[in-house]
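Nothing in this text is a laboratory measurement; each read-out follows from the coordinates by a stated rule. All figures in this text were calculated on a predicted structure; none of them were measured in a lab. Cβ coordinates were reconstructed from backbone atoms using ideal geometry, including for glycine residues, and neighbour counts include every protein chain displayed.
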Amino acid sequence: MATAILTSIKHGAYTAIALYVVFIAVVTVISTNPQLNAPSQMSTQTASVELNRAAVQSQGRAS
């Protein structure tokens, strides 16, 4: 009984350590690549603003 409990605790510790290592790896990759952290809506909004500017400029030229 005690051996099973110790084995279970050891397995849980190994799992916790593995998850911690993965977490640190993900945080490191994201912090070294800022473009991965940027929300994708920003590029969509930027493209929309550029299209609106182009439309306004073309209307100004037409009149």
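Go through the range 18-25 residue by residue and turn each phi into a ³J(HN,Hα) via Karplus (6.51, -1.76, 1.60, θ = phi - 60°); whole Hz please, and just put x for glycine and proline.
Working through the residues one at a time gives 5, 5, 5, 5, 5, 4, 4, 5 Hz.
I'd like the FRET efficiency for I24 and T3, computed as 1/(1 + (r/R0)^6) with the beta carbon distance as r and R0 of 22 Å, rounded to 0.05. Mind dumping the intermediate values first?
Details: r = 32 Å, r/R0 = 1.44.
Given R0 = 22 Å and the Cβ-Cβ separation, E is 0.10.
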